[in-house]
Structure formats: C-alpha cells, structure tokens
1. Under 8 Å by Cβ, and 6 or more places apart or on different chains, what pairs join a residue from segment A:215-230 that is under 16 Å from A:TYR133 (Cα atoms) and open to solvent by less than 20 Å² (accessible area, probe 1.4 Å) with one that is part of a loop (DSSP other than H, G, I, E, B) and modelled with pLDDT of 80 or more?
2. Going through segment A:80-100 one residue at a time, which ones are open to solvent by 10 Å² or more (accessible area, probe 1.4 Å), within 13 Å of another protein chain (Cβ to nearest Cβ) and either outside any helix (DSSP H, G or I) or not aliphatic (A, V, I, L, M) (or both)?
3. Of everything in segment A:116-137, what is open to solvent by 30 Å² or more (accessible area, probe 1.4 Å) and within 14 Å of chain B (Cβ to nearest Cβ)? Give them in sequence order.
4. In the set A:ALA106, A:ALA206, A:ALA168, A:ALA151, which member is within 11 Å of chain B (Cβ to nearest Cβ) and at pLDDT 95 or above?
5. For segment A:171-190, give me each residue that is within 13 Å of another protein chain (Cβ to nearest Cβ) and among the polar types (S, T, N, Q).
6. Could you tell me which of the residues A:ALA289, A:ALA323, A:ALA318 is surrounded by 13 or more Cβ atoms within 10 Å (Cβ to Cβ) and within 14 Å of chain B (Cβ to nearest Cβ)?
7. Name the residues in segment A:27-58 that are within 13 Å of chain B (Cβ to nearest Cβ), part of a helix (DSSP H, G or I) and open to solvent by 60 Å² or more (accessible area, probe 1.4 Å), would you?
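The values are calculated or read from the model by the stated rules, or taken from the named source; none is laboratory data. Bear in mind the structure is a predicted one, so any value in this text is a computation, not a measurement. Neighbour counts run over all protein chains shown; Cβ positions are idealised from the backbone, glycine included. Protein only, heavy atoms only, side chains kept; ligands, DNA and RNA dropped before computing areas. Shrake-Rupley method; radii C 1.70, N 1.55, O 1.52, S 1.80 Å.
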Amino acid sequence: MYTQSLDVPDGPAPALAAVAAAPDALQTRFDEKIDADQKIEPQDWMPEAYRRTLVRQISQHAHSEIIGMQPEGNWISRAPSLKRKAILLAKVQDEGGHGLYLYSAAETLGVGRDSLLDALHTGKAKYSSIFNYPTLLWADVGVIGWLVDGAAIMNQVPICRCSYGPYARAMIRICKEESFHQRQGFESLMVQMQGTPEQRAMVQDAVNRWWWPVLAMFGPPDAASTNSEQGMRWGIKRISNDDLRQKFVDATVPQAAILGVTLPDPDLKWNEARQQHDYGAIDWDEFWAVVNGNGPCNKERLANRVKAHEDGQWVRDAAQAHAAKQKARLLKEAA
Amino acid sequence: MSTRPHPNPLPEGEGADKQNSLPSRRGAGVGAARDWPLWEVFVRSKQGLEHKHCGSLHAVDAQQALQMARDVYTRRQEGVSIWVVPSSTITASEPDDKPAFFEPMADKIYRHPTFYTIPDEVGHM
C-alpha cells in the first residue's frame, strides 16, 4: 500500500512569484531529460515546483504506509488462528518497511525525517483517506488486502516509472511485496465464504462498507484534478485518476463473482459499446470531508500515531545514550 | 567532488527545514542533531555476487544500522551479507563534472573488442 492518486496540498500553495525564475539552460536540460524519459537523480538540478511536488507526494505516501498499519494492526491480537496472525504481522511489518523506503526517498530531496514526521503529527500533512475508516470485523482485514491493496497496486505500478529515480526505485521494491498483500486478503475471504451463512454475511458487509471509499482512493475525477496535468508533464503521474479507477473496476468485478459477493452499486454493469463497466456516482463530499479530517477515525489514527511516537522516545534516547557510551569507550581505549 | 551523496538540490538557505538542512545534518555526529545519522545500505544477494546499494536508513550507530538494515531490506531473504556505510563518508562525483570526468573515454573505441575485425575462420576469440 498505499498511495492515493491525489496530490492534496498540505498547506496554502506557495506564491509562484516567490519562486525564482530558473536559469534557462538548466531548465532546458531538465525538460530534455523528462522528454527522453530519463530519470532525475538527487544531485541533478530540478525546478523548485518539481521538488516541492515530489516531497509532498512521497511524504504523503510514506505517511499513508505508516498510518495504514493501524486498521489492520487492530486485528493482530484477535486473528482467528496462529497462521493468520503470522501473515498479518508480516503484512503490517511490510507497511512499516514501505514507509521507511519512502521516507528515505523523500529525504534525498533535502528534507529531514523529523520535519516530515512533525508535519504528520501536527496534522499539516495528509495521508490516504482510506485509513480513516474502521475495521469492524475480521472480514475487513481480508477486504483491505483484496480491495485496498488491489487499488494501491493499480496506483503504484505506474509510479515505478516515475521520473524521479529514488521514488521509482522505492516503488519497485514496494510493488514486489504488494502482491502477497492482495493475495492473502483474497484467500482469507475465500476461506470465510466457504464458512457459515453468518461468516459469508460478514464478508459481504465488509465489502459493502469498503467498496465506495476504495473507489475514491483513486482521487477526484480527471475534470476536477488540477495538479494532474503538471504531474503528467513531469513524468510523476503516468495514468489519470479516472483511467486507473476504470481499470480497477474492470479487474475487480470478475474477482467478486469468483468470491461470491456482490458489489454495492446498482449502476454497475458491463457496457458493450465501451467494453468497460459503467459504475455509479462517487460521493465526493464524503471523500473531501474525510480528507479534511472529518472521517470516522481521523482523530483516533493521528492520536495513536502521536502516542506511539511519544511512547517510543525513551527507546530512541536509550539508543542514543548507548551509542554515545560505546563511542566514548572506544576513544578511551584508543587513548 | 562532493562529500554529499544526496546534495540538497536547492540553493543555500532554501531548504524546507533549515535546522535540519543538508549537509550539516548528514555530517552530524550522534547527539549533535535530532535526527540519527544516515547510513547507506549495500546487500549481497547471494554468495559470489557483489554488494549492491539498495537504500538508506537512520540509526544511532553501525551495529543498530546493521540490525535495522536486516529488518528493512532483507525480510524475504534478499541477502546473505550487508554493509552499512555512513552517508557522510561517501564522496561522489559532481553532476556538473560529468562531461569533463567521463567524456574523455568516449572516443577510445579501440578499448573494445568489437573495434578489431578478425577473419571468421579464426572462430571465437
């Protein structure tokens, strides 16, 4: 997991006039590289707006991975078997690891880890809207793997070709690991669907609650996505929100049939002329309410994150003190 | 030459966070900065192959960097050996020096075996 095809401004947009005009030769070389589909590396000159956009997008992505540990982490202690618990632990650990790859990629742009975390903890930085929904049932864990990770993979595979080298390389590592996440979720749901009527009903209930928020993960419709065009020009974004969403719907409908669940959209049907599925209208008011802090779990997620960070302070202090002591001992021995 | 593997692409003073900005943060010793020092991680995927750069991480010292690299970069047996190197000790060539540094090699095609035509009947050589 878990990016969102949504580049939400973290704060008021910086005045463009304040950005010094780029030296022409440098700008031309940058444009040539982008046009030739070459990678931009940390040492290369880049326009200030490109750098800012990447810092924002990569750090939002990193925050999403870290916050994304919570909805599933909620079920580790209550997983129905040791096998499922081990799988879930591995998956949640992966999400933490993905956050670390991404923070490292963001840092190559000249921002510090602490300032990125501060932005998350103070609520200045955004993360994927999807993690502000609760995991009410064990079936939710399977649905997150199947649908949420499925949508994330759809989003993330094109970012492996992103023009910024460190981000693209981090995404390649992440995508390699994502496939396990989606498959374990689908398999877990298949097992539950072979269970009692109550167990099958719980799977259906989880699908009903997650379907629409998952479709919204792909971000606002193309017509309303102001940043998309520039992102495409820079090779940061490769496929539009609506195209990705369509691809996801078309891929998911047959999977739902195999699983034996229905998708909660009366308008969802095959369109012979388009050779794609039509689907119903997404509630964008709800989406924006969640993005802007008013989802069911926004406050809880952030409070948990801040508490975990503060509770870990003594560990960081102890590690630092230990390292200082070791260093002093070495110096004394050498003297 | 630059001693910064990831130099700040911005002009001096334009970094997003000044108290942590490069290069002082990268070069800072333990206790000198809020951030832990940065380490570059190299993993040997199997015996007989070279160590390859795979990413970076923050850790207080080399031992902790190794343990964290194990958890972050080899959760699926991606490696049999790990190197961690303080990022601040890496010296990198400057992108601006690229022509002066690398182009002299471009016209020395006689360094490649394909420069020489050998009769077919000689076979593999």
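1. A:LEU215/A:TYR279; A:LEU215/A:ILE282; A:ALA216/A:ILE282; A:ALA216/A:ASP283; A:MET217/A:SER128
2. Those that are open to solvent by 10 Å² or more (accessible area, probe 1.4 Å), within 13 Å of another protein chain (Cβ to nearest Cβ) and either outside any helix (DSSP H, G or I) or not aliphatic (A, V, I, L, M) (or both): A:GLN93, A:GLY96.
3. Matches in segment A:116-137: A:ASP118, A:HIS121, A:THR122, A:LYS124.
4. A:ALA106
5. A:SER179
6. On the way: A:ALA289 fails: within 14 Å of chain B (Cβ to nearest Cβ); A:ALA318 fails: surrounded by 13 or more Cβ atoms within 10 Å (Cβ to Cβ).
Sole residue among the options that is surrounded by 13 or more Cβ atoms within 10 Å (Cβ to Cβ) and within 14 Å of chain B (Cβ to nearest Cβ): A:ALA323.
7. A:ARG29, A:ARG52
Rundown of residues vs (1) free of Cβ contacts under 8 Å to residues at least 24 places away in the same chain; (2) within 26 Å of A:ASN208 (Cβ to Cβ); (3) of a type in the set (Phe, Trp, Tyr), yes/no style:
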residue: A:GLY280; (1), (2), (3): yes, yes, no
residue: A:LYS299; (1), (2), (3): yes, yes, no
residue: A:LEU302; (1), (2), (3): no, no, no
residue: A:ASP311; (1), (2), (3): yes, no, no
residue: A:ALA318; (1), (2), (3): yes, no, no
residue: A:ALA324; (1), (2), (3): yes, no, no
